Amino acid sequence: MGGSADGRRLLLVGTYTPDSQPSGEGEGIHRVWFDPLTGRMADGGVAARTTGPSFLAFREDPPTVYAVNERTEGTVTAFGVDGRADLTELAQVSTGGGSPCHVLATGSDLVVTNYANGVVSVHGLSQDGTFATSTALTHTGSGPVTDRQEGPHAHSAVAPDARHVLVADLGTDELRVLRQGEQVGVVALPPGTGPRHMTVAGEYVYVAGELDSRVHVVRWDSDTGTGEHLEAVHATGKAAAGDNFPAEILHHGGYVYLSNRGADQIAVFALRDGGARLEHVVGVSAGGAWPRNFTVVRGHHEEPDHLVVAAQNGDSLASLRLDPDTGVPVDTGHRLALPVPVCVLPVPLRRIRRTAASSTPHPSS
């Protein structure tokens, strides 16, 4: 991930805004500068004012940031990003559903999940990064947690291979399987799981269960487009359903990291048996209340890797250095006050600058 001239990295942070649903005191997409040596963060101001950008995604060619607009009648907005870390709105389209909460850029498509009614919208992208086509995929079903699973609630999407997309449906306890913009099957999870977010490592998909406070392991078969549920482990190392609500989950190195809202921890799991099994290693303080999304900022050369955690109810970001030997996050002590941060997106600014420089015509001599 590239950065500024002084080596700092660019992070874009999505927030809830007064006109989003739910509402918050954010101003849209905030710009944050991250020092990869120390973990210190600096406020770079508002990069774009847009309604409820609760999840962000980046597409490299052309450099484009996509933001959901989480509100009753959902939309998704495309922004061009330049070498100065400025965002310019390019286009906005309907997501065909309500409360869009996640966006995935994969190949030439954009996949948006709408929590309120479970609709998944697939948007074909033009060469300039704007929207060419849109398809809305509906679903039916429910689960045993009646106040949360009365119907489908699509919560996130991930691409386990080049041909398929998996959609975590919190309402139906399923991973919905998409291929070429159509739903072609489901992977059933235990009743009451409430799948929220996923991460992929090789042939395994790790699923954060928001309602049962567990992490589920699914073996994925890319040839057949099917998955097999293998096991589940407690999200905090012990039973906590009803008191703890897992949110983001990421794979990095030989570990899986999970944010736990309630316990306000980042849980660390080691991959065992080639990834078929997870072992809870430790839970460390997330550095703020109600840790929602987080990202890995990878170090270059002598720089360490870090987690940057969005503490939604703590109105702050926290940076945690990853111990290179144990994989355990260590609090750097650095915080950045920011209203209701709910998504952190690293943007490769240095690469954007190189691309822009190489495409700029040189005057003839």
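Give me the percent relative contact order of the range 213-265, please, defined on Cα pairs under 8 angstrom at least 6 residues apart.
Relative contact order of the range 213-265: 30 percent.
Can you work out ³J(HN,Hα) from phi for every residue in the range 201-218, in order, using Karplus 6.51 cos²θ - 1.76 cosθ + 1.60 and θ = phi - 60°, giving whole Hz and x for Gly and Pro?
Here the 3J(HN,Hα) series is 9, x, 8, 10, 10, 10, 10, 7, x, 5, 8, 9, 6, 9, 10, 9, 10, 10 Hz.
Using a cut-off of under 17 Å, list every residue of the range 22-38 whose amide N is near the label point 7 Å from the Cα of Arg354 along the Cα-to-beta-carbon line.
It comes to no residues whatsoever.
Provide the three semi-axes, in whole Å and in decreasing order, of the ellipsoid equivalent to the range 92-187 as defined by the square roots of 5 times the Cα gyration tensor eigenvalues.
23, 14, 9
At 1.306 mPa s and 10 °C, plugging the Kirkwood radius over alpha-carbon pairs of the range 173-331 into Stokes-Einstein gives what diffusion coefficient in µm²/s?
100 µm²/s
Each residue of the range 106-113 in order: what ³J(HN,Hα) in whole Hz does its phi give by Karplus 6.51 cos²θ - 1.76 cosθ + 1.60, θ = phi - 60°, with x for Gly and Pro?
9, x, 9, 10, 10, 10, 10, 9
What distance in nm separates the two pseudo spin-label positions at Thr72 and Ser222, each 7 Å out from Cα along the beta-carbon direction?
Placing both labels 7 Å beyond Cα along the Cβ direction yields 4.4 nm.
What does the charge add up to near Thr133, with Lys and Arg as +1, Asp and Glu as -1, over the other residues with Cβ less than 15 Å from its Cβ?
Taking every other residue near Thr133 into account, the sum is -3.
How much of the pair distance distribution for the chain lies past 27 Å, counting alpha-carbon pairs only, in percent?
Tail of P(r) above 27 Å: 44 percent of Cα pairs.
Got a sec? How would Arg84, Arg179 order by Cβ neighbour count within 10 Å, fewest to most?
Arg84, Arg179
Give me Val296, Val184, Val330, Val309 sorted ascending by neighbouring Cβ count inside 10 Å, so fewest comes first.
Final ranking by Cβ density, sparse to dense: Val184, Val330, Val296, Val309.
Take Ala270 and Ala42, extend 7 Å from each Cα along the Cα→Cβ direction, and tell me the distance between the two endpoints in nm.
Inter-label distance under the simple model: 4.0 nm.
Using a Förster distance of 35 Å, how high is the FRET efficiency between Ala289 and Ala132, based on the Cβ-Cβ distance and rounded to 0.05?
With a Förster radius of 35 Å, E is 0.25.
Rule-based calculations on the coordinates, nothing more; no lab input. All figures in this text were calculated on a predicted structure; none of them were measured in a lab. Note that we place each Cβ from the backbone using ideal geometry, even for glycine, and neighbour counts take in every protein chain shown.
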